[in-house]
Amino acid sequence: MWQFKRAGGRFSQGPGAYGVKGHASYAGAMDASQQQGSKPILTITVNPALDISTSTERVSSGHKLRCGASRLDPGGGGVNVARVIQRLGGQTLAVYTAGGPTGEAYRRLIEAERIPSLAVRIQGSTRQDFTVDETSTGKQFRFVLQGPELSEPEWQACLDLVAGSMLAGGYVVASGSLPPGVPEDFYARIARLARQAGAHCVVDASGPALTEALAEGVFLVKPSLRELGLHFGAALEGEQSQVDAASALVADGAAEHVALTLGEAGALLASKSGLIRLTVPDVPVVSTVGAGDSFLGAFVLRLAQGRPLDAAFRAAVAAGSATVMTPATELCHRTDVERLEAELSNAVP
């Protein structure tokens with residue numbers, strides 16, 4: 001049986017997993033959350049990526065491309081959500097996989113940000129993603145690698161850690177792609193575990209993983225327009241078709257809340273209480289990498305803090321907008337989020 005225990009300020013687990021030395025243990029982080037009046041938040045990332053970003057004058061074939069300075073960030077949906085929550089003053093636990101030299105580099109970056117974490121050691125190497133900004137045109141090229149194949153004991157260890165860490169009344173955020181070897185219903189299994197524990201399951205996924213999670217039923221889902229269109233097999237080009245699709249998921253019981261991100265067109269929130277649509281603030285767009293994760297991190301944090309649904313939604317749009325103002329794979333800054341959050345609140349009639 002998979003077991004873990006706290007030991008000397010760290011979490012130690014059975015073979016194949018290890019904890020990260022942060023400034024606080026998970027128990028300490030959750031105590032801090034509750035003292036702040038916030039519900040506990042857990043994130044799970046089974047296909048994290050060491051994000052490498054750089055720039056070059058022009059992307060072309062046939063010869064070497066001389067690049068500018070590079071940047072390394074620990075990426076992947078759930079980890080990015082955890083990083084944003086921490087930046088905004090919240091507390092969370094990030095569960096993720098790590099393996100090989102890139103996994104060790106990834107783990108050190110997580111440790112440097114002092115995020116309470118539990119990592120499952122895997123045989124394969126943690127993947128890398130590449131983002132290249134073409135300075136002559138302003139275009140951005142993103143190369144997303146597949147990721148290592150996980151064995152059943154590895155992905156089952158992730159489920160066991162999640163099951164043993166989630167708390168009643170808290171939030172469990174399952175976000176990002178699934179690597180080879182992980183079953184398509186992985187997020188659906190997490191949704192089932194969350195329901196059994198009395199926790200709220202939040203999913204940000206696409207394709208079969210999204211379909212399976214919705215079939216199980218979740219608290220909140222955050223698809224992009226493309227992801228929702230693929231789920232319904234339709235383009236969803238008109239505003240009414242977008243409203244109908246998001247509302248259908250709520251009506252069918254697939255999700256209590258659907259936060260549909262629409263890029264520069266803003267975002268739509270559908271729930272049993274009705275519809276909310278927000279446009280994005282007028283900000284300079286530098287890079288869109290991580291905007292969706294920032295959106296979700298701020299949304300879940302504000303809900304965990306007991307904020308009303310509309311206020312949490314405004315915070316989400318503010319965080320997504322704040323992230324596009326930052327270069328490459330950098331995430332949002334707290335000062336920008338709070339400023340845009342106030343602007344959106346003041347714009348409410």
Percentage relative contact order, segment 182-332, counting C-alpha pairs under 8 Å, at least six apart: 16
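Just want the ordering: Val283, Val289, from fewest to most Cβ atoms lying within 10 Å of their own Cβ. Numbers along the way, then the final one.
Values: Val283 14, Val289 25.
Result, fewest neighbours first: Val283, Val289.
With +1 on each Lys and Arg Cβ and -1 on each Asp and Glu Cβ, and nothing else charged, work out how big the dipole of the chain is about its Cα centre, in Debye to the nearest 20.
On the way: 30 positive and 34 negative charges, 207 e Å.
That gives a dipole near 1000 debye.
Please list, by residue number, every one of the trypsin sites (Lys or Arg not before Pro) in segment 50-92 that is coil in DSSP and has at most 15 other beta-carbon atoms within 10 Å. Before the final figure, lay out the partial values.
Numbers: sites: Arg58, Lys64, Arg66, Arg71, Arg83, Arg87; in loops: Arg58, Lys64, Arg66.
Loop-located and lightly packed - Arg58, Lys64, Arg66.
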Alpha-carbon spread of the chain, three principal axes, descending order, Å: 55, 52, 39
Neighbourhood net charge (10 Å Cβ-Cβ; Lys/Arg +1, Asp/Glu -1) for Thr329: -2
Per-bin percent of Cα-Cα distances, segment 17-168 [10 Å]: 11, 37, 29, 16, 6, 1
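Of His257, His333, how do they rank once you tally other Cβ atoms within 10 Å and put the fewest first? Mind dumping the intermediate values first?
Values: His257 24, His333 16.
The order, fewest Cβ neighbours first, is His333, His257.
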Charge sum, other residues only, whose C-beta stays under 12 Å from Ala174's C-beta, Lys/Arg counted +1 and Asp/Glu -1: -1
For segment 83-175: relative contact order, % (alpha-carbon pairs under 8 angstrom, 6 or more apart): 24
Total lysine pairs whose alpha carbons fall under 30 Å of each other in the chain (8 or more apart, or interchain): 8
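Using only alpha carbon pairs under 8 Å that are at least six residues apart, calculate the relative contact order of the chain and give it in whole percent. Spell out each step's value before the answer.
Numbers: 790 pairs, mean separation 53.0, N = 349.
Computed over the chain, the figure is 15 percent.
So if I place +1 on the C-beta of Lys and Arg and -1 on the C-beta of Asp and Glu, and nothing else carries charge, what would the dipole magnitude of segment 17-168 be about its Cα centre? I want it in debye, nearest 20. Working shown, then result.
Numbers: 15 positive and 14 negative charges, 85 e Å.
Around 420 debye, computed over segment 17-168.
When Lys and Arg each count +1 and Asp and Glu each count -1, what net charge do the other residues less than 15 Å away from Thr279, Cβ to Cβ, add up to? Walk me through the numbers on the way to the answer.
On the way: positive: Arg277, Arg314; negative: Glu239, Glu264, Asp282, Asp310, Glu341, Glu343.
With Lys, Arg at +1 and Asp, Glu at -1, the neighbours total -4.
Please state, to two decimals, what the Cα-based radius of gyration of segment 74-139 comes to when divided by 2.2 N^0.38 Å (N = residues).
1.29
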5 angstrom amide H check on Asp51, placed H, neighbours 5+ away: Asp73, Gly75, Asp129
Ser136-Glu104 FRET efficiency (beta carbon distance; Förster radius 25 Å; 0.05 resolution): 0.10
Among Gly124, His63, Ala157 the positive-end extreme of the charge dipole of segment 17-168 (Cβ point charges): His63
Full-stretch length increase - Arg114, Arg58 - with 0.36 nm per residue and alpha-carbon distance subtracted: 16.5 nm
Top positive-direction residue, dipole computed over the chain with Cβ charges, set Pro40, Leu260, Ile190: Pro40
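Any read-out appearing in this document is the output of simple, stated calculations on the displayed coordinates, not a laboratory observation. Every value quoted in this text rests on a predicted model; they were computed, and no experiment measured them. We place every Cβ from the backbone using ideal geometry, glycine too, and count neighbours over all the protein chains shown.
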